[in-house]
Ligand SMILES: CC(C)(COP(=O)(O)OP(=O)(O)OC[C@H]1O[C@@H](n2cnc3c(N)ncnc32)[C@H](O)[C@@H]1OP(=O)(O)O)[C@@H](O)C(=O)NCCC(=O)NCCS
C-alpha cells in the first residue's frame, strides 16, 4: 500500500470513484485542480498495484474563510473556530466500492490527519450521514474526533445550484444531513504560544 500526495495523473480514477460513491458530478476537474501544488488544499491517495483505492482531501482555512466555505450554520462554525488561526476542514474521503471495509478509509484519515497536524491548530470534519454506511463516523471517533452537531438538509441548496445527484436521494435536492466532528483536545491559541 502506498499513501501519497494526490497528482493530476490520479484525476480519472478519483472521479470514477467519486461518481459512484458521492454521486455523479459532485467532484469535478476544476475542483480537483485546486488540490495540486497548493499551500492550503491538500489531498492524498492510497495506491495498490498502480490503482487508486482511496482519496481524502483537506483544506486549511481561517475562521472567516471557514464561515464562507460551509453551507449552513455559518455563524455557529465561526464561533466554534474563531480562537484558532488555521483550521483544517476535511472535505471528501472515498474508497473504491470494491475495497470498502478493508481498512483503507481508516488509513486515509489516520495518515492525513497526522500530516496536517503541524499545519493547523484545529481539525474539523463534516460527515455525510447515510442510511447504508456510517463508517466515516466510526473512523473519526477512532482518530480522536468527537461529534458536535447535526445539520439537517445540509446540501439541499448547494445540490440544486450545482446540479449534482446524491446516491441516497437521487436527483437534487439532496436532503441528507451532516454531522460535524472536531478533533478533541485542540489547543487554543492562547495555550499554544
Ligand atoms: C466512508 C468510507 C471512506 C470508509 O472507508 P472503508 O475503507 O470502508 O473504512 P474502513 O474499512 O477503514 O472501516 C472503518 C470502520 O467503520 C466501521 N463500519 C463499517 N460499516 C459501518 C457502518 N455501517 N456504520 C458504522 N461503522 C461502520 C468498520 O467496522 C470500521 O471500524 P473498525 O476499524 O473499528 O472495525 C467508505 O465507506 C466510502 O467511500 N463510502 C462512500 C463515500 C462516503 O460516504 N464518504 C464519507 C463522506 S463523509
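Taken together, the values in this text are just the output of simple stated rules run on the coordinates, not laboratory data. None of these values were measured; they are calculated from a predicted model. Positions of Cβ are generated from backbone atoms using ideal geometry, with glycine treated the same way; all protein chains shown enter the neighbour counts.
Among beta bridges identified by DSSP and lying wholly in the chain, the antiparallel ones come to about 90 percent. Size descriptor for the stretch 34-130, Kirkwood hydrodynamic radius: 14.3 Å (Cα pairs only, one decimal). In plain terms, the chain from residue 119 to residue 163 could stretch by 12.5 nm, reckoned as 0.36 nm per residue minus the Cα-Cα distance. Cα centroid separation, the stretch 64-90 to the stretch 103-164: 15 Å. For the stretch 49-93, the pair-distance distribution built from all alpha carbon pairs, in bins 10 Å wide starting at 0, is 27, 43, 17, 11, 3 percent.
Could you compute the FRET efficiency for residue 99 and residue 31, with r as their C-beta to C-beta distance and R0 at 25 Å, rounded to 0.05? After rounding, the FRET efficiency stands at 0.65. Working note: Cα atoms of the stretch 96-159, range along each principal axis, descending, whole Å: 34, 33, 20.
Computed across the chain, the Kirkwood radius stands at 17.0 Å (inverse of mean 1/r, all Cα pairs). A Förster radius of 22 Å, combined with the Cβ-Cβ distance separating residue 177 from residue 75, puts the computed FRET efficiency at roughly 0.70. Stretching the chain fully between residue 39 and residue 24 yields a gain of 2.6 nm (0.36 nm per residue, less the alpha carbon separation).
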